[in-house]
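The block underneath contains the structure these notes are about, expressed in C-alpha cells.
The values are calculated or read from the model by the stated rules, or taken from the named source; none is laboratory data. Since we're looking at a predicted model, the values are computed, not measured. When we count neighbours, we look across all protein chains shown, and the Cβ atoms used for this are built from the backbone with ideal geometry, even at glycine.
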Amino acid sequence: MECVSAFIDREALLFNIKKIKEKAKDKNGNQPKVVAVVKANAYGHGLYAVANALKDSVDAYAVARIGEAMELRREGITRPVILLEGFFNEEDVNFISKYSLITAVNSIYQVEALEKAKLNKKIKVFLQVDIGMHRLGSCSVEEIRALLKRLENCPNVEQPVGMISHLSVADTPSETEYNRQQIEFFYEVSKEFKGELCLANSAGIFIWPETHTPWVRPGIVMYGVSPFEDKTGPDLGLKPVMTLKSRIIAIHKLKKGDKVGYGAAFVADRDTTLGVVSCGYGDGYPRCAPNGTPVLVNGREVPTAGHVCMDMLFVDLGPDSKDKVFDEVILWGKGLPVERIASLCNTIPYELLCHVMPRVEYVFG
Ligand SMILES: *Cc1c(COP(=O)(O)O)cnc(C)c1O
C-alpha cells in the first residue's frame with residue numbers, strides 16, 4: 001500500500017467542463033470551442049488520464065512542449081493538440097506536421113523554420129500576438145502584419161492563420177483599465193486576421209465575457225481550482241479534481257515545551273498529541289507551509305506543526321485526540337481547497353498542483 005495518493009475525480013472534471021462551457025458562451029449564446037490546457041502533466045493531475053477523460057467533452061488540447069504533445073499522440077489521443085510555446089528548431093517542424101499538431105508562432109525564427117521545411121502535410125498555426133504581457137509574440141502592429149503576411153504566403157502553412165493572445169491580469173478584477181486595454185488591442189489587431197481567434201484563459205472565461213472568442217483555453221478551472229486570489233474553486237461553483245491524501249503513521253503524547261522536528265520549529269504550548277503523517281516535500285507538499293497550515297483528519301481541520309520533512313510532516317492533533325495510526329489525512333482537495341494552502345505558502349495553487357511528485361500513487365476514479 002502506498003501511503004500518499006492523489007485521487008483524481010473524473011466526475012468532478014466532467015462537472016467542471018460542463019460549467020466552463022456554460023460560462024464561456026459568447027454574448028450571442030454561441031458555444032466556443034474548448035481547448036483543454038493539459039500542460040505540465042495536466043497541472044499535476046496526470047496527462048493521459050485527464051486527456052482521455054475529456055476526449056468527448058473538449059475540442060482540442062493545449063500543451064507547452066512538443067514532448068507533451070507527442071506523449072498524447074503516442075497514447076492514442078487523436079483530437080487537435082496546440083503547442084502554446086511553438087517550437088524551437090527546424091527538426092520540430094517535421095514532427096508537428098507528422099503528428100498533426102497545431103502550433104502557436106511567436107517569432108521570426110519559427111516563421112523561417114516553417115518556410116524552410118519540406119513537408120507532405122500543411123501545419124495549422126495561430127500567430128501569437130502580445131497584448132500586454134510581453135512574454136511571447138510581438139505587440140507591434142507592423143511587425144504582426146509582416147509575420148502574418150509571410151505565414152499567409154508560406155506553402156507549408158494551412159490557411160487561414162489564426163490569432164492567439166494571452167491575458168496578463170485577467171485574474172485581477174480591479175485591473176479594469178489594463179484588461180480593457182488588452183481586450184481592445186486584441187480586437188483591433190484581429191481585424192488583420194482571417195482565421196480563428198483564441199483569447200480567454202480560466203479567469204477570462206469566468207469574469208471577462210468580452211474575451212469569449214471562438215476558441216477558449218481553460219486550465220486551472222477544469223481542475224476545480226480558482227485563478228482568483230480571494231476565491232476558491234467551490235466559491236466559483238467548481239469541484240476540486242485532485243484530493244491529496246495520506247495517513248497518520250505514528251502518534252506521540254507531547255508535554256508542554258516539547259520540541260518537534262528539524263530545527264525544533266514547533267514547541268508545544270500545552271500538553272497535546274502529535275501525529276506524524278506520511279507526506280512531505282518529496283511528495284510535493286510544500287516545505288514552506290508554516291506552522292498552523294490546515295490538514296483534514298477525521299473530518300476536522302488540524303494544524304501542521306514544525307518544518308515539513310522530505311517524507312513526513314507533523315500535525316497537532318490536540319490534547320483530546322482519539323485519532324489512530326493509519327487514520328486518513330487529507331492534505332488538500334475535497335473539503336480543503338488547495339488555494340488555502342497555497343495562500344499560506346505565498347504562492348498560487350497552480351504551483352502546488354504541478355509539484356506533485358511521481359512517487360505519489362495516482363488513483364483515477
Ligand atoms: C497556461 C496557459 C493557459 C491556461 O491558464 P489558466 O489560468 O490555467 O486558465 C492558457 N493559455 C496559455 C498561453 C497558457 O500558457
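In this structure, does P290 turn out to be at pLDDT 95 or above, under 18 Å from C345 (Cβ atoms), of a type outside the set (A, V, I, L, M) and more than 16 Å from the ligand (Cβ to nearest atom)? Spell out how you get there, then give the answer.
On the way: at pLDDT 95 or above: yes; under 18 Å from C345 (Cβ atoms): yes; of a type outside the set (A, V, I, L, M): yes; more than 16 Å from the ligand (Cβ to nearest atom): yes.
Here the answer is yes, as P290 does meet what is asked.
Among residues belonging to segment 77-110 that are surrounded by fewer than 15 Cβ atoms within 10 Å (Cβ to Cβ) and among the β-branched types (V, I, T), point out the one that is farthest from the chain's Cα centre (by Cα).
Among those that are surrounded by fewer than 15 Cβ atoms within 10 Å (Cβ to Cβ) and among the β-branched types (V, I, T), it is I108.
When residues of segment 329-365 are filtered for being under 13 Å from N298 (Cβ atoms) and loosely packed, with under 15 Cβ neighbours inside 10 Å, how many remain?
Count: 1.
Within the bounds of segment 238-257, is there any residue that is without any contact (Cβ under 8 Å) to a residue 60 or more places away in the chain, touching a strand residue (DSSP E or B) at 6+ places or on another chain (Cβ under 6 Å) and within 14 Å of the ligand (Cβ to nearest atom)?
No, every residue in segment 238-257 fails to be without any contact (Cβ under 8 Å) to a residue 60 or more places away in the chain, touching a strand residue (DSSP E or B) at 6+ places or on another chain (Cβ under 6 Å) and within 14 Å of the ligand (Cβ to nearest atom).
Which of the residues spanning segment 188-217 are more than 10 Å from the ligand (Cβ to nearest atom), more than 19 Å from Y61 (Cβ to Cβ) and among the aliphatic types (A, V, I, L, M)?
V189, I207
Please go through (1) in contact (Cβ under 8 Å) with a residue 24 or more places away in the chain; (2) within 25 Å of V157 (Cα to Cα) for I20 and return the number of the only condition it doesn't satisfy.
Evaluating I20 over (1) in contact (Cβ under 8 Å) with a residue 24 or more places away in the chain; (2) within 25 Å of V157 (Cα to Cα) leaves (2) as the failure.
When only residues in segment 111-137 that are under 18 Å from E188 (Cα atoms) and not aliphatic (A, V, I, L, M) count, which is surrounded by the fewest Cβ atoms within 10 Å (Cβ to Cβ)?
Step one: of segment 111-137, the residues under 18 Å from E188 (Cα atoms) are 126-134, 137.
If we keep only those that are not aliphatic (A, V, I, L, M) too, we end up with 126, 128, 130, 132, 134, 137.
On the way: F126: 27, Q128: 27, D130: 21, G132: 18, H134: 9, G137: 24.
Among them, the one singled out is H134.
Mind counting the residues in segment 15-59 that are under 18 Å from Y99 (Cβ atoms), more than 16 Å from the ligand (Cβ to nearest atom) and over 15 Å from the mean Cα position of the chain (by Cα)? Explain how you work it out, then say what you get.
Taking segment 15-59 first, the residues under 18 Å from Y99 (Cβ atoms) are 35-36, 38-39, 47-48, 51-52, 55, 59.
Now restrict to residues that are more than 16 Å from the ligand (Cβ to nearest atom): 48, 52, 55.
Subsequent filtering for residues that are over 15 Å from the mean Cα position of the chain (by Cα) retains 52, 55.
The number of residues fulfilling the criteria is 2.
So, in segment 57-77, how many residues would count as being closer than 18 Å to E91 by Cβ and in contact (Cβ under 8 Å) with a residue 40 or more places away in the chain?
Here the count works out to 0.
Test I220 against the stated conditions and say whether it is modelled with pLDDT of 95 or more, within 16 Å of the ligand (Cβ to nearest atom), out of contact with any Lys or Arg (no Cβ under 6 Å at 6 or more places or on another chain) and under 30 Å from N28 (Cβ atoms). Show your work before the answer.
Numbers: modelled with pLDDT of 95 or more: yes; within 16 Å of the ligand (Cβ to nearest atom): yes; out of contact with any Lys or Arg (no Cβ under 6 Å at 6 or more places or on another chain): yes; under 30 Å from N28 (Cβ atoms): yes.
Here the answer is yes, as I220 does meet what is asked.
Taking the condition of being part of a loop (DSSP other than H, G, I, E, B), under 29 Å from the mean Cα position of the chain (by Cα), over 16 Å from T103 (Cα atoms) and away from the ligand (no atom under 16 Å from the Cβ), how many residues in segment 143-187 meet it?
Going through segment 143-187 one residue at a time, the tally reaches 1.
Kindly check whether there is at least one residue in segment 1-13 that is over 24 Å from G333 (Cα atoms) and within 16 Å of the ligand (Cβ to nearest atom). Full working, then the answer.
Of all residues in segment 1-13, those over 24 Å from G333 (Cα atoms) come to none.
No - not one qualifying residue is present in segment 1-13.
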